[in-house]
Amino acid sequence: MSTMKVDFKVVLLGDSNAGKTSLFERFVNNKFAKDPKQTVGVSFGLKTIGVRGSQVVMGIWDTAGQERYQSLTKMYYRKASSAILCFDPTKRSSYEKVKFWIKELRETESRCSIYLVATKIDLISSDEDWDIPQQEVMNFAQKNKFKTCETSAKEDIGVNKLFAIIAQDYLMKDEKGGNESIRLHSSEEQSKSGCC
Ligand SMILES: Nc1nc2c(ncn2[C@@H]2O[C@H](COP(=O)(O)OP(=O)(O)OP(=O)(O)O)[C@@H](O)[C@H]2O)c(=O)[nH]1
Ligand SMILES: [Mg+2]
């Protein structure tokens, strides 16, 4: 069976409605749907991007935020080199789930780099619109050595930058010999944006 090389694997995780699928769709297909369906299980997409003169193939797994799918989605964290942990900054409850997702991820993939991402930033027009003190988020990220980012899939803010940073970090780690590449079967390659 033919295989294709995926340079590295990125997983999107976080609470239901945090905006994972919207971020995925914006990055992979440059689309935004106002009423996307809740993810059932996992969706997968591929994107090749140029970083510092190299072309890298990212395999991106968008997981369901509903906890009832957790035993299934957890399997897809395996071999992820980067995780985008999304929360909605206008909802404290969305941020409060962040620790749960970190624990789940770490149980499967302890070395994965985590990017803590405040989504839907178009809904924020002043600091008061945050439902969590921003300093609390920054302190938590610094303590855990997570990079942070703000994105809007709706307005296409910060999305390409986020993935470019992830790819750059991956390449830097690779130069130091800290990465393994993964291979996908061609059937997975063909379903550019499938669901299981
Ligand atoms: N204003 C605004 N709304 C957004 C943005 N991203 C997502 N949304 C909305 O937030 C809701 C949830 O988005 P999804 O992307 O489906 O959330 P999800 O994290 O994939 O949810 P699950 O699949 O259940 O885990 C939808 O109504 C989206 O339209 C954004 O950047 N701005
Ligand atoms: Mg989704």
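The numbers here are math on the coordinates, done by the rules we state, and not lab data. This is a predicted model, so every value here is computed, not measured.
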Tilt of helix 20-29 relative to the longest C-alpha principal axis of the chain, in degrees (0 to 90, nearest 10)? 50 degrees
Cross-link table LYS20/LYS161; LYS37/LYS143; LYS31/LYS176; LYS47/LYS145; LYS145/LYS173, entries beyond 24 Å C-alpha to C-alpha: LYS37/LYS143; LYS31/LYS176; LYS47/LYS145
For the chain, what proportion of DSSP beta bridges, expressed in % and rounded to the nearest 5, is antiparallel? 45 percent
Taking Cα atoms, the helix 159-175 axis meets the longest principal axis of the chain at an angle in degrees (rounded to 10) of 50 degrees
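For the chain, what does the helix formula give at 222 nm: sum of -39500 (n - 2.57) over DSSP H segments with n ≥ 4, over the residue count, nearest 500 deg cm²/dmol? Write out the running numbers ahead of the final one.
Details: 7 runs with 63 residues, N = 196.
Rounded to the nearest 500, it is -9000 deg cm²/dmol.
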Need one word for the range 2-186: rounded, prolate or oblate. Basis is the Cα gyration tensor (sqrt eigenvalues a ≥ b ≥ c); a/c below 1.5 gives rounded, then a/b vs b/c decides. rounded
